[in-house]
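Only one structure is covered here, and it is reproduced in the block below.
The values are calculated or read from the model by the stated rules, or taken from the named source; none is laboratory data. These numbers were taken from a predicted model, which means no experiment stands behind them. Note that each Cβ is placed from the backbone with ideal geometry, even for glycine, and that neighbours are counted across all protein chains shown. Ligands, DNA and RNA are excluded from the accessible area calculation, which covers all protein heavy atoms including side chains. Shrake-Rupley method; radii C 1.70, N 1.55, O 1.52, S 1.80 Å.
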Amino acid sequence: MTAAPVNTVDDSEVAKFEAMAAEWWDLNGKFKPLHMLNPTRLDYITRQIAAEFGRDLKAEAPFAGLRILDIGCGGGLLAEPMARLGADVVGADAAAGNIPVAQIHAAQSGLEIDYRHTTAEALAEAGEQFDVVLNMEVVEHVADPLGYLTACQQLLKPGGLMICSTLNRNPKSFLLAIIGAEHVMRWLPKGTHEWSKFITPDELFSLITQAGLDPVDRKGFVFNPVLWTWGISDRDLSVNYVTASVKRAGSEG
């Protein structure tokens, strides 16, 4: 039996996103980069879930019967599409201000989503279990990445799937994600990210393995400044990237 994970919340990181909570659904607000990236994130997520659980994305409600956790759900940019695909969705966020924003937008959209002001550790300690954990752009904001990923592992049912995305740590990511996105383009408030907390793909794979999951895939999210669009790359993981990992059947924690 794995010991209950410690609290990995970084209060200063939570405060950053709570200050921007009201802008989650403003397409031209502080989360504009995330809205631009979201279709590419959803393409990867839905394909991975469909492949892992044998679902046909062309079917009506293809994710019916699956319980999905969106940890660090923000305003619900991923939780809402998962609900539309038929999943039973729990959206959790450590920033209390995000939850009413997400709840109001879901209600306006006619969607039933269980939004909670809580943490991965608290959910794990309560014995919650999910088929899928969406862990997108969160791990670079926590105080203890291994402890946090261990909590995510505990939240998965045996055979469950975790999708985890983050930012690589290298000179290119500093130039594009910090200088470019925060200082030049002003897509994000200055200080949104700390480059020292970025994680290389090899480091993340090692952390995921230590947490008790088996990494099965990784891809890059690549921005094309000419077409002004995002795409998925098999080779270019130099800035934004995403991973998929599974919890071995028979594994209890």
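Descriptive notes on the structure:
- The solvent-accessible area of residue 69, taken with every protein chain present and a 1.4 Å probe, is close to 0 Å².
- The stretch between residue 217 and residue 51 holds 58.6 nm of extra length on full extension. This uses 0.36 nm per residue minus the Cα-Cα distance.
- Length-normalised contact order for the stretch 69-162 - Cα pairs under 8 Å, 6+ apart - percent: 29
- The alpha-carbon of residue 247 sits under 16 angstrom from the alpha-carbons of these aspartates and glutamates, leaving out residues fewer than 8 places away in its chain: 52, 128, 131, 214, 217.
- Taking label points 7 Å from Cα along the Cα-to-Cβ direction, residue 175 and residue 28 give a separation of 3.1 nm.
- Calculated SAXS-style log₁₀ I(q)/I(0) at q = 0.14, 0.21 Å⁻¹ - the stretch 44-136, Debye, Cα scatterers: -0.47, -1.00
- Aspartates and glutamates with Cα under 13 Å of residue 219, excluding same-chain neighbours fewer than 8 positions away: 43, 202, 234, 236
- Partner aspartates and glutamates for residue 32 [C-alpha distance under 15 Å; skip if fewer than 8 residues away on the same chain]: 23, 137, 182
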